[in-house]
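Laboratory data are not the source of any read-out in this text; all were calculated from the coordinates shown. Predicted model only: the values in this text are computed from it and were never measured. Cβ placement follows ideal geometry from the backbone for every residue including glycine, while neighbour counts extend to all protein chains displayed.
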Amino acid sequence: MNPLCKPWEHTTSRRQFLGASAGALAFGALGGLVSPQAAEALRKKEKQVLFVWLDGGMSQLESWDPKPNTEFGGPFRTIKTTVPGTHFSELMPQSAKQAHRLCIVRNLCTKDNAHSSGVARIQRGDPKNRGVAYPYFGSAIAKLMGPTASKLPPYVWVKPGSGGFKTEDAGFLGPKYGSLAFGDGKPPEDLLRPAALTADEDDERNELREMLNQRYAAQRRPAFTEASSYVFDTARELMKRAEIFDTSKMAAKELDRYGRTEIGQHMLIARNMLEAGVRFVKVNSYGWDTHGDNFNAHASLVPKFDRAFAAIVEDLAVSGLLEQTLVIAMSEFGRTPRINGHVGRDHWPEAWSIAMAGCGLKAGAVVGATNDKGTFVKDAGHDIGAVFHTWFNALGIDSKKVEYNNNSQPLPLAHDDMAPIKEALA
Amino acid sequence: MPDQSAATFVPPKELKMFPCDRQLAIARFSPCGNFLAAGALEGTVRRWSVVEKRKPAPAPAAAAAADIDLLDDAPKKAAPKPAKGAKPPPEESPVELVPLPHLTGCNGWVQNLVFHPKEKVLYVADTWGKLLATPYEGDMPKPLWENAAAHDGWIRRLAVSPDGQHLATCGRDQFVRIWTTAGKLVTEHRAPEDVFAVTFAPEGKLIAFADLKGRVTLWDFAAKKPVREFDASVFHKLSRLQDVAGLRLLAFTDGGKSLLVGGCEPAGGGFLEGAPALLRFDVATGKPQSDWRFGVAKDGFVLDVAAHPGGYLILVTSGQPGNGKVMFLRPGEKEPFFTHTALANCHSVTLHPDARRFAVTAMNKASNGNGRQLTKDGEYPGNTSPVHLFEIPT
């Protein structure tokens, strides 16, 4: 729960949001994708982020850092990639074709091996403890960069399960910088104007809503009421572009290329959102905590991720958006080299991998290495703080100079003692 | 032979545990009974010489074995007759497993191996798609033949026909293939999914294979056509993004009249929770006859089965780390009449040809664990699979 708001305020906020959704504007004429001219305009100055979160922990050994024919290497072969000398697991044939566009860091060494704390710790960048909850990376970007010229919500989360406005991501930044979550890739219920409601009736409802909002705002702290208005206004822009999340009208070939799976369809929606100008899109996939039957699980999971991930990287590259879009795919940790009795792998933050692509990064780079058995990193490795510095710098934000201002408390963007991973930056 | 009626049942006794420095996927006794071979979670086959310190007790009467006949682990018909009048077992293990040099040349994992029923040949399949035949005696036997691309990747299961003429393989590449035991491809069939199990029917002209979704097909490989299908979809679950594959084994019983399908009824992916399950189908009609569950969600899979000539099955299960069972089950009964829970994560069971002993590959204790667990020397240890040798009392 965010310290700036109370539970009843969330209830009111949700009602207000849904009420506003019911009175949404008619579909805009722009359609789901921006025009080539508009896309070109965006390309000139707007940097964006795609953040793919594989919740539970993808195995580095069955993906980016295979160790075939070693004690802990598992049953799979490796395949060549488009980067000479670099191999991925055979479960990633599509990503292997995009390797020249990727930047793989193979020597992550982080501190937390628990999901409950690790997810937040990683997504907040694990800075020094200053008694505040740091924002997730998406919230940080929403604060630092705001919406693009598209005025679409700056931080959208496409995820399985429930949707809504998730304020907890924002930490000390305040609820305004939370994520707008599209549960199961769908817009919040009642987002679109019901067919039975005329445009005039809709306008009348909006006027009433505005009046009630003002009355409500007079009795609340500005931080919260600003958040409500902000979310509503940005969500209204998204409402105009319903085609973005309507995959039913997309070409069968497109659907197949991304895969007719949960992650495939969500990644396709994410692509549409990026093309439409959403600043930061997070895509979640759940079920990666493979303590049991890890290898059959990864044989099922990884190819589905691989297909969707490679497709979006390729599409962003072809459209030119990859030049300005930072693409990240990661989990809260990797998985143990040791194979347990349930033929699973457990949690392993000691030596794992992250895949990135896009703006500010060195394409085709493989940074760092693990030892021959894949048990530990060869050198000191990189903690998540260094990765945060890298991301900020890739987006043109000097993380050593720019600071947050938390009610006059200056706070660094990322861990003070860490620095960007230079080998990863272009 | 052992009287396994409820009133007189005496549980099997563990004779000895033999350590192994790697994890094992499967173990099988040779038909002559003098060797034990095991496939490791690395590209090797581990071998042991079975050294008898005393002569075994008489084998069970052949007539008593007539109601069960598992081909993949059916040494009884080829078993040599043990000497009569054996002495009672001493307290010290009467049998030793003496390690022999590993067989190398495979990649990834060796998850499958089968012995030729008559000849001194071992067939081995790995997870990179290699199938090979090798003598199993001698220090460093050279392969008789090998096919490095028998499948595109993981060979899930390998079976040999009762007459020793054919091999059957199936794999992650969705193919089921029939080979001569000389390594020549006879025919193949492409299934709609990853194929997890294959076995020969006793008459040797039909095979049964089963895929990820639990579709079990009885297939005439000479005519290249399906004969019958069996619904074992209980072994599959789509859990979030993951197609959870619960099916692990197929075996004919009752002289080919029944088909056993074993594995896990998955409740969810990731952690992989699910109950060990075994179904028995009537081969003639395709209808289910029996449906067993052996525990709760943490208990996992039925991973292997051996048929004892005394008319019961020996099953092993493996679930969440630490959970493993050895069970004796009569096909006509609802519950196992013996369950042993002292072993961790039992991955395979093989019955010695004398039918007095069986070996179980299990896991070291505390095989799971997050975080950095190092040895005193600072090494990161892998897990291991000790081989537990049991004797069935007379």
Links exceeding 19 Å between C-alpha atoms in this model, out of A:K67/A:K362; A:K128/A:K282; A:K304/B:K213; A:K47/A:K151, come to A:K67/A:K362; A:K128/A:K282
Give me the percent relative contact order of chain A, please, defined on Cα pairs under 8 angstrom at least 6 residues apart. 29 percent
Angle between chain A longest axis and helix A:36-45 axis [Cα atoms, degrees, rounded to 10]: 70 degrees
Take every Cα-Cα distance within chain A, group them into 20 Å bins from 0 onward, and report for each bin the whole-number percent of pairs it holds. 27, 57, 16, 1
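Please work out the Cα convex hull volume for the protein assembly as shown and give it in Å³ per residue. Don't skip to the answer; put the middle values down first.
Working: hull volume 148.1 nm³, N = 820.
Hull volume over Cα atoms, normalised by residue count, gives 181 Å³.
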First check a/c for the stretch B:259-394, with a ≥ b ≥ c the square roots of the eigenvalues of its C-alpha gyration tensor; if it is under 1.5, answer rounded, and if not, answer prolate when a/b is larger than b/c or oblate otherwise. oblate
Taking the Cα centre of each part, how many Å lie between the stretch B:302-324 and the stretch B:159-221? 23 Å
Could you give me the radius of gyration and the Dmax of the stretch A:333-409, taking only the C-alpha atoms into account and expressing both in angstrom? 16.6, 53
Out of A:I354, A:I244, A:I339, any idea which swings most in a Gaussian network model of chain A, alpha carbons joined below 10 Å? A:I339
Counting alpha carbon pairs within less than 8 Å and at least 6 residues apart, what relative contact order, in whole percent, applies to chain B? 16 percent
Stokes-Einstein D for the stretch B:279-325 at 4 °C, 1.567 mPa s, Kirkwood Rh over Cα pairs, in µm²/s? 106 µm²/s
Positive dipole terminus of chain B, leading residue within B:P266, B:F338, B:V95 (C-beta point charges): B:V95
Could you tell me which residue out of A:G264, A:H291, A:A276 lies farthest along the dipole of the stretch A:207-316 toward its positive end? Charges go on the beta carbon: Lys and Arg +1, Asp and Glu -1, centred on the Cα centre. A:A276
P(r) of the stretch B:350-389 over all Cα-Cα pairs, binned every 10 Å from zero, in whole percent: 24, 36, 21, 14, 5
Give the cross-link partners of B:K257 among the aspartates and glutamates, using a straight C-alpha distance below 19 Å as the criterion and excluding same-chain residues fewer than 8 apart. B:D67, B:D69, B:D72, B:D73, B:D163, B:E203, B:D220, B:E229, B:D231, B:D282, B:D291, B:E333
For the stretch A:73-93 and the stretch A:337-385, what is the centre-to-centre distance using only Cα atoms, to the nearest Å? 15 Å
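Does the stretch A:135-184 come out rounded, prolate or oblate, given a ≥ b ≥ c as the square roots of the eigenvalues of its C-alpha gyration tensor, rounded meaning a/c under 1.5 and, failing that, prolate meaning a/b above b/c?
Taking the square roots of the gyration eigenvalues as a ≥ b ≥ c, the stretch A:135-184 is oblate.
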For the stretch B:138-219, state which trypsin sites (Lys or Arg not before Pro) are in a DSSP loop and have at most 16 other beta carbons lying within 10 Å of their beta carbon. B:K184, B:K205
If you take the square roots of the eigenvalues of the alpha-carbon gyration tensor of the stretch A:155-272 and sort them as a ≥ b ≥ c, do you get rounded (a/c under 1.5), prolate (a/b over b/c) or oblate? oblate
Under 23 Å from the Cα of B:K142 - lysines, other chains or at least 8 residues apart: B:K118, B:K120, B:K130, B:K184
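Can you pull the Kirkwood radius for chain B, inverse mean 1/r over Cα pairs, to one decimal in Å?
Numbers: mean 1/r = 0.0476 Å⁻¹.
Value: 21.0 Å, from the Cα pair sum.
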Can you tell me the alpha carbon radius of gyration of the stretch A:272-409 divided by the globular rule-of-thumb value 2.2 N^0.38 Å? 1.22
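If you put +1 on each Lys and Arg Cβ and -1 on each Asp and Glu Cβ, how big is the dipole of the stretch A:351-407 around its Cα centre, in Debye rounded to 20?
On the way: 5 positive and 5 negative charges, 20 e Å.
So the dipole magnitude of the stretch A:351-407 works out to roughly 100 debye.
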Among beta bridges assigned by DSSP with both residues in chain A, the antiparallel ones amount in percent, to the nearest 5, to 50 percent
Could you name the aspartates and glutamates whose alpha carbon sits less than 13 Å from that of A:K186, not counting residues in the same chain fewer than 8 places away? A:E243, A:D246, A:E262
